[in-house]
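What follows is a set of notes on a single structure, which appears directly below.
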Amino acid sequence: MTVDMAPIILSVKMAALSTIIVMITGVSTAWIMNRFGFPGKNLAETVIGLPLVLPPTVIGFGLLLLFGKHGPLGSFLENTFHVRVVFTWGAAVIAAAVVSLPLMYRSARAALETVDKSLEQAARTLGASEWRVFHSITLPLAWPGFLAGILLACARALGEFGATLMLAGNIPGQTQTVPLAIFFAAESGDMRLAGFLVAVISLVSFIITYGLNTWSNRRQPSLSLRRGGNQC
């Protein structure tokens, strides 16, 4: 059995880049939602969470309408910068980022809600800027939740299939990620290759999930002790 490593390498690169995008976007959006109230806030949160409940093919179809040749973003990018998104590696990154964003956002929002607002306010009273407050107080306290969101988003990006197929297609060596390679290998009857790729992505997903669960369980006793000490 000859194994083409291109889908594995492409999936790792795609997941890494989409996770970076999702980390920045998710944390920033969660911070804004946590700090400010504005009309339509509930609607905005609903839209952010839609990829969790919509079929991936529906998300992919929406992205195709948005980034397609005649779509608003697609036509703008192509006419202005001569950049085509559909059926490119960048399309796979966009698809993965969109479907994994809700996981990062929800984790970041939950983490920010656990931060003691009195500590942030005390820092502002002492003259600290918003960036200084976030960097020195909010981030250290909320970092465990941020990390959980990053790991979940990365795992989700690695397993993305439907939206990627709709927006990026299945071009070997260019847009074919591991999930796509598994599907088309099984469809063509190459069960050994499909099984190998299934084992690879299952192992990576297991390691991420196991590491997250182990880390979370180890944090529980320390959190309990900290809360007990605060009560005393």
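Observations on the model:
- The C-alpha atoms of the chain define a longest principal axis, and helix 6-35 lies at about 30 degrees to it.
- Shape box of the stretch 6-231 [Cα atoms, principal axes, largest first, Å]: 63, 43, 26
- Protection-proxy order for peptides 180-192, 56-68, each taking the mean of Cβ atoms within 10 Å per residue, highest first: 56-68, 180-192
- Between Val99, Val198, Val53, the GNM of the chain built on Cα springs shorter than 10 angstrom shows Val53 fluctuating the most.
- Dividing the summed -39500 (n - 2.57) terms of all DSSP H runs of n ≥ 4 by the residue count of the chain sets its mean residue ellipticity at 222 nm at -25500 deg cm²/dmol.
- The protection proxy used here, the mean number of other Cβ atoms lying within 10 Å of each residue, ranks peptides 199-209, 8-18 as follows, highest first: 8-18, 199-209.
- Whichever lysines have a C-alpha closer than 22 Å to that of Lys117, once near sequence neighbours (fewer than 8 apart) are set aside: Lys41
- Principal semi-axes in Å for the stretch 1-52 [√(5λ), Cα gyration tensor, largest first]: 36, 12, 5
- Tilt relative to the chain, helix 139-158 - C-alpha long axis, 0 to 90 degrees, to 10: 10
- Nearest-ten-degree value, helix 178-187 long axis tilted from longest Cα axis of the chain: 30
- Full-extension gain in nm, Tyr210 to Val53, via 0.36 nm per residue minus C-alpha separation: 54.1 nm
Only the coordinates and a few stated rules stand behind these numbers; no lab work does. Small disclaimer: the values here were computed from a predicted structure and weren't measured. Positions of Cβ are backbone-derived with ideal geometry, glycine not excepted, and every protein chain shown enters the neighbour counts.
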